[in-house]
Amino acid sequence: MAALEGCRCRSAGGRNNSILYSILKSDSLASAEQQHQHPQQQTLQHLLRKTAAVAAASPQACSCGATRRRGILRSPQVTCKAASAVLVKTLRFVKNVPCFRELPEDDQLTLIRSCWAPLLVLGLAQDRVDFDTTETVEPSMLQRILTGLPDRQSDVLPAGPSRGAAGVSVVDIDALKAFLTKCWSVDISTKEYAYLKGAVLFNPDVEGLRCLHYIRSLRREAHQALNEHVRLIHREDTTRFAKLLVALSMLRAISAPVVAQLFFRPVIGTVSIEEVLMEMFYGK
């Protein structure tokens, strides 16, 4: 499908394997796939039901919302360092996809801002980066008034390593861990991760894109290449492609603010994650 008028990108027509070759060309940037397989664990739906049941049974979960369950990293120095390394590899991967470099700079910026978080989480799954959290209780509004606390803990984050102590919702943490567990249970290969990253990177649903039709064709090619690879390599597993699509749907439920708060706020404090991304990607 041809690109929109005024777009500097080449037409996608006649290049059925463009995303296939572009992404595979960047496979050397990915970590070597580990050979052992993680045990099957709970799905996202079961985790959410379990979280809701525990919250309902807990005396802390009163109807007035006196406390809200939140979590922070148990070892932020270790986990944030690992996440930062994955972010560097992720941006390097994006830079080395020729189809992405063909896009106008405005579209590149728009796509990076919208997809950096899901790409990072895919990278965490690929590199088998696991993490532990510890629960912290956020005071209710009444408790804040009575004790003179500010409206939000994040308003007074200290300058030291304890930044980000407000944490993120335990439900969001469960969703993130459920996605990682899903990827590890399916035992996604390096090439499959590359195709999934292509499907995430070229997202035509993002507003403000100039080369909308071209980007839509690239995502379609990524899905097609993934499907063909699965049918070729895993002929006996007729449900594998569906499992990978389920993983993608779980990934959409993970928001960028949650990823930034959990993995980068302890390091960058109140600095905008977008500023960090632009500095890393363009050196600006």
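The values are calculated or read from the model by the stated rules, or taken from the named source; none is laboratory data. Keep in mind that what you see is a predicted model, and the values were worked out from it rather than measured. Ideal geometry is used to build each Cβ from the backbone, glycine not excepted, and the neighbour counts take in all protein chains shown. Quick note on the areas: whole protein, heavy atoms, side chains included, nothing else; ligands and nucleic acids left out. Shrake-Rupley method; radii C 1.70, N 1.55, O 1.52, S 1.80 Å.
Accessible area per residue of segment 203-284 at 1.4 Å probe, in Å²?
Per residue, segment 203-284 has 53 Å² of solvent-accessible surface.
Taking loop as defined by DSSP and a crowding limit of 13 other beta carbons within 10 Å, which chymotrypsin sites (Phe, Trp or Tyr not before Pro) in segment 186-284 fit?
none
Given labels modelled 7 Å from the Cα in the Cβ direction, how far is it in nm from Asp187 to Asn227?
Between Asp187 and Asn227, the label points sit 2.5 nm apart.
Mind ordering 76-82, 232-238 by average Cβ neighbours within 10 Å, highest first?
76-82, 232-238
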